[in-house]
Every structure is written in structure tokens, then in C-alpha cells.
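Structure incoming, see below.
The values are calculated or read from the model by the stated rules, or taken from the named source; none is laboratory data. Every value quoted in this text rests on a predicted model; they were computed, and no experiment measured them. Backbone-built Cβ (ideal geometry, glycine too); neighbour counts: all protein chains shown. Side chains are part of the model used for accessible areas, which takes the heavy atoms of the whole protein and leaves out ligands, DNA and RNA. Shrake-Rupley method; radii C 1.70, N 1.55, O 1.52, S 1.80 Å.
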Amino acid sequence: MKRKTKDKEKPKRTPTFLLELPLQVNSQQAKHLHGHFEAGRHLYNALLGEAMKRLKRMRASEAWQQARAIPHSEKQARKAAFTALRKEYGFSEYALYNFAKRARTTWIADHIDSSTAQTLATRTYRAANRVCVGQAKRVRFKSKGRGLDSLEGKQNTAGIHFDLQNPKDGNQGWLVWMKERYSAIIDWHDPVVQHGLRQRIKYARILRRKASSPRAEGADRNGYRYYAQLALEGASYQKPKHLVGKETVGLDIGPSTIAIVSKQGTARLETFCAELAPNVKAKRRLQRKLDRQRRANNPQNFDEKGRCKKGHKIWHDSQEYKATRSRLASQERKLAAHRKSLHGKLVHEVVAVGNTINTEKLSYKAWQKQFGRSIGFRAPGMFVDLLRRTVATTGGILYEVPTRSTKLSQLCHGCGVLLKKPLSVRWHECACGIGPVQRDLYSAALAAFLDLKTLRPSIAQSDWEGLETSLRAAIEVLFQRANEGQSLPRSVGIPYAGARLPRSLGDIQQEPGSPDESQEELARLQEPPCF
């Protein structure tokens, strides 16, 4: 009798974190790397073009329309039909592996190894698959000016891999790729680096970033700096200064502000990335300068009123224009790095209060249509992603509750009445005695006391007395900052700095730029909703 063999278990996914190390690259190595990245760009475009051709043929077939006609309730039949179509037309990750093998037999094989080619095939398949399932409308090919800036291997044994040696005179690390060894700059006194290099390396990635100028320190003649990014197994290093609280925290996240309230009474109302305002002004000056240079170099493309003409146009870019464009790109990179740093700092401040966090689940993509400039500048979605990862590493939980069930901005916990408020009403006050209290802070307080089973807040009268004092104190802090010259957040609803704490709905001024309320709406809001 043959023995029954157990099915092979799928490898379990382990937690991963990244460690980035700068590389020392001489002029000859930089020249080779430039050729490698350019070959990777050509291969990426070829793979992406092939994937889109196969997707187009698959969508044009009759079997595709028949598969789409299958009701969504018949999940198994629908899934089997689309799986058969993908197999028939070769629209899969492994089918693109075979195409990459054939495409790599030309001059590209001198620059890209098989492992790196497979990772490029994976990236192109994911981009094309997003179009296939409706998550994206189109794909983007890599142009020469904005080419491929990262290449990675599949494992740390072949292709792009990191070699950490321990000679007698000290430790040294090398990024090895295509018969080249690039020395890594390692600060062994940094505890983050020490912790990272003690973990198992899953795979390595080589990055290049544009410096502010070609003459910048560590940049090659094309103005690039190179880095080794290691994907390591385990959890990232937790610095001693980053404490982890044990309270329950409620958040109310808006397009430009965040309200933070804990059960113990800690309350804050902060503006996302307020320190970025001076940098944004410098960016706008560069954008205006770029537009002036573009118009001066191409007067034939604009009419007498300064409007861009329709139809095909030929654009001429001067050297000064290219230099300004490079400075603007450098300013964008600085803004992105500073924004991420400020978000990380705020995340650690929230986790220091508590690592059990309640917030409403929001669609930040929908906000982009209504508050596009604010979302691009403040990036609240990035903050939530960083918060989710940080809370997971500390053993906490981030609960994102549905807004349709909770309706925290419409609820009064004192009488339990739901009253829909327009966005221009920034303060909550009810005839049952609750308020006036700032709307975002009140929603965050309700989220902190939210019962996750019933999705209703449960706040005792004794808890609310101390909590209301904390919410008022948070507003007083904002007024004190305004008296020192800082501007109040627009979510407060009071545009000028010397405003006093409102005590009734009649004292609350509407936010500038928001629609005025009609007399009937104000009368309805002033009516006691609990009777």
C-alpha cells in the first residue's frame, strides 16, 4: 500500500520591514548602472505593451462577454470562466515570465538578469491587472526623462542581492549585481541599522534618486544617488522614545485636520502638515517661473489673450527652463519626504496615548474630487496607512467603523437624536444640554467611547463632565496659538485669530467660503431636537 502523503503547506507570510543604505558608486559603476536602468526601462515597456495587447484581445472575444453576463451570485461559475479566459490568452503572471525570457535574449541580457526580469514581469502584470478588474483606467509606460528608478531581485541568493561580510578589521556590506560589487555606507552606531542587519534578508532592491543638482555630494554626472533597500524579516526597530499607550483613542479625520480624543480626557485638534506651508510657497514661485519661461520660449503656441492654442504644437525647452523644472522636481521630493516625516511624528504621538484606536472608515479617493488641493498637500490617507502599520507593530488594533452605521457627526449622545448638519456648521449644541462643542472634537470623543458591538457611544454623565472640560481646553489652546500669530484651523469655523469661545449658536461664525445657511435652516437647527 502506498502511503498517503500530506499536501504541501503553503509558506506562511512573515512580517517585513525595510532598511535603506546609501551606496558608494564610482564613475564607471554609475555608467554601468545607468545602462542597467535604461535596459530595465525598455524591458518594462515591452512587457507592459505585451500584457495590454493580450488584455485587449481577451476583452474583444465573445467568451469575455459571455463571462461578464454570468450573474455575480454564481461566483464559482464566473470565476472559472474568467480563469479559463486568462489561461487561453496568456494573461497571467507566469505567462509574462515566459515572454520576459524571450525578450531578454537580446542586448537586454547583458544588463538584466533572469531574476530581475521576472520581478519586472510581476510589476507589469499587476499594473495591467488593475485595468482588467476596473481599479485603474490605463497604464503608464516609462519615458526616458521619467524612467524606471528601482530594480529588485526575488531572493537574496541570486540576481540583485546583499552580501554582509564580517572581516577581522570590521563589518562591511556589498550590493552585488551583474559582476559588480557596490559598497554600502553602514553606520554601525545607529541602533536602527544594527537591528536591521541582524535580521534575515528576504530580497534586495537598488534605488536611484535625483539629487538637487549634478554637483551634489555623492551624485553621479547625471545627478543620481544610489541606495540599497533591504526587505528584512521581522518587525522594525522600536525606539525607546516612542512610547506605547494603553488607552482607547478616538479619531476624527478631515481633509486638513485631525481631532484626537482619548477616554482619559486627552484632546487635541491639529492641522495636518502645518509646517509645510513655507515650502509650498517656494514651490508655487517655481511653478509660476516655469510657466513664464514656457510662454517666453513658445509664444507661437498662445493666442493674444494668453490662452494655449488647440491642436498639435511643438514645444521648445530652454536650458533655464530645464534647470527650473529640475529645481521644481527637487522641491516636490523634499515636500514628500517632509510630509512623510511629519505624518510619522504625529502617528507616534497618537500611539503614545493609546494603541486601541477607533475611527470612521472614509474614502480618501472620493475626497480628491472635492478637496483636491488640500488632499494633495495634507495626504490624510497616507497618515492612516502609517498609523495602521505602526499600530500593528505595537500589538494594538485600529478599528475602522462604517460611517453609515455610526453617524458620529450627526449624533447627540445625551438624547440619542440624529440631526444631519451641513459642513458649514462646525459646532454641536443640543437643547438637552450638550454643547456648544467643536464638531470634530465631539465626533472623536464619541468614537473613543464607541461600543463596537452596537456601534453606539456609551458615555456616562460623570465621564462627560470631565471630557467636556478637555474639549474646551483643546479649543483654548488653538485660540492661544492664534493670539501668538498662528492661524486657526478652518474646521473651527472662526476665521479670525482674536475670536472668543462661542457660547451659543448665534455667536458661531460660519467658515469663510462655505455656503451661508438660510433662515429656515438656522431656525431648524436652533429648535430643541430632543423634544
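Hey, what angle do you get for helix 277-297 against the long axis of the chain, alpha-carbon based, 0 to 90 degrees rounded to 10?
60
With Rg and the Kirkwood Rh both taken from Cα atoms, where does Rg over Rh land for the chain?
Rg/Rh for the chain comes to 1.01.
Could you point to the residue in Tyr321, Leu55, Gln194 farthest towards the positive end of the chain's charge dipole, with +1 and -1 charges on the Cβ of Lys/Arg and Asp/Glu respectively?
Farthest towards the positive pole: Leu55.
I'd like the FRET efficiency for His338 and Ala60, computed as 1/(1 + (r/R0)^6) with the beta carbon distance as r and R0 of 35 Å, rounded to 0.05.
0.15
Scanning the chain for GluC sites (Glu not before Pro) in DSSP loops with at most 12 other Cβ atoms within 10 Å, what's the longest stretch left with none?
305-483
Loop only per DSSP, at most 15 neighbouring Cβ atoms within 10 Å: give me the chymotrypsin sites (Phe, Trp or Tyr not before Pro) in the stretch 234-332, ordered by residue number.
Trp315
To the nearest whole percent, what portion of all C-alpha pairs in the stretch 57-116 is separated by more than 13 angstrom?
Every Cα pair in the stretch 57-116 considered, those over 13 Å come to 68 percent.
Specify the angular offset, from 0 to 90 degrees and rounded to the nearest 10, of the alpha carbon long axis of helix 27-60 from the longest principal axis of the alpha carbons in the chain.
70
Here is a follow-up. Shape verdict for the stretch 293-362, please, from the Cα gyration tensor: rounded (a/c under 1.5), prolate (a/b greater than b/c) or oblate.
Prolate.
Can you give me the relative contact order of the stretch 271-359 as a percent, contacts being Cα pairs under 8 Å and 6 or more apart?
39
So, one more: According to a simple spin-label model (label point 7 Å from Cα along Cα-to-Cβ), what is the distance in nm between Arg481 and Thr394?
Rounded to a tenth, the inter-label distance reads 2.0 nm.
Only sites in a loop by DSSP and with at most 10 other Cβ atoms within 10 Å count here; which trypsin sites (Lys or Arg not before Pro) in the stretch 8-114 make the cut?
Lys8, Lys12, Arg13
Sequence-distant or interchain residues sharing an amide H contact under 5 Å with Tyr224, placed H: which?
Here Ala211 satisfy the definition.
Calculated FRET efficiency, Asn26 and Gln319, Cβ-Cβ r, R0 22 Å, to nearest 0.05?
0.20
Okay, moving on. Once the piece of chain linking Asn222 and Glu74 is laid out straight, how much longer is it, given 0.36 nm per residue of separation minus the C-alpha distance between them?
Extending this stretch completely gives an extra 47.7 nm.
Taking only protein heavy atoms and a 1.4 Å probe, what accessible area per residue, in Å², does the stretch 255-378 have with all protein chains in place?
Heavy-atom accessible area per residue stands at 60 Å².
Moving on to the next point. Using a Förster distance of 45 Å, how high is the FRET efficiency between Tyr94 and Cys415, based on the Cβ-Cβ distance and rounded to 0.05?
0.15
Further question on the same structure: For a quick check of your reading of the filter: which trypsin sites (Lys or Arg not before Pro) in the stretch 319-405 sit in a DSSP loop and have no more than 10 other Cβ atoms within 10 Å?
Nothing satisfies the criteria.
Treat each spin label as a single point 7 Å out from the Cα along the C-beta direction, and report the Lys281 to Ile185 distance in nm.
3.2
A further question follows. Largest first and in whole Å, give the semi-axes of the stretch 253-399's equivalent ellipsoid, each being the square root of 5 times a Cα gyration tensor eigenvalue.
Calculated on Cα positions only, the semi-axes equal 42, 16, 13 Å.
Starting from 0 in steps of 5 Å, tell me what percent of the Cα-Cα pairs of the stretch 18-161 lands in each bin.
Binned Cα distances yield the sequence 2, 9, 16, 19, 17, 12, 9, 7, 5, 2, 1, 1, 0.
Okay, helix-only estimate at 222 nm for the chain: each DSSP H run of n ≥ 4 adds -39500 (n - 2.57), divide by all residues, round to 500 deg cm²/dmol; what do you get?
When only DSSP H runs of four or more count, the value is -13500 deg cm²/dmol.
In straight Cα distance, which lysines are under 17 Å from Lys263, not counting same-chain residues fewer than 8 positions off?
In chain and number order, the partners are Lys246.
Now a separate question. Note down the relative contact order for the stretch 409-475 as a percent, whole number, built from C-alpha pairs under 8 angstrom at least six residues apart.
That works out to 25 percent.
7 Å from Cα along Cα→Cβ at both Lys369 and Arg456: what's the point-to-point distance in nm?
Calculated label separation equals 3.4 nm.
Once neighbouring chains are kept in place and the probe is 1.4 Å, which whole percent of the accessible area of the chain is contributed by carbon and sulfur?
49
Roughly how many Å² is the accessible area per residue of the stretch 36-97, as a whole number, for a 1.4 Å probe?
Counting only protein heavy atoms, the per-residue value for the stretch 36-97 is 58 Å².
Could you sort Val351, Val477 by accessible area so the largest value comes first, with the probe set to 1.4 Å?
Largest to smallest exposure gives the sequence Val477, Val351.
When the chain is fully extended, how far beyond the present Cα-Cα distance does Leu423 get from Thr14, taking 0.36 nm per residue of separation?
That works out to 142.9 nm of additional length.
Which cross-chain or sequence-distant (5 or more) residues have an amide H under 5 Å from the amide H of Gly245, H modelled 1.01 Å from N in plane?
Ala352, Val353, Gly354, Asn355
If you count only protein heavy atoms with a 1.4 Å probe, what accessible area per residue comes out for the stretch 125-198, rounded to a whole Å²?
64
Hey, another quick one. Which one, Thr406, Phe162, Leu243, is farthest towards the positive end of the dipole of the chain when Lys and Arg carry +1 and Asp and Glu -1 on their Cβ?
Farthest towards the positive pole: Phe162.
Helix 93-103 against the longest principal axis of the chain: what's the angle in degrees, Cα atoms only, rounded to the nearest 10?
Tilt of helix 93-103: around 40 degrees.
Of Lys137/Lys361; Lys369/Lys407; Lys283/Lys369; Lys283/Lys361, which sit over 28 Å apart, Cα to Cα?
In this structure, Lys283/Lys361 exceed 28 Å between Cα atoms.
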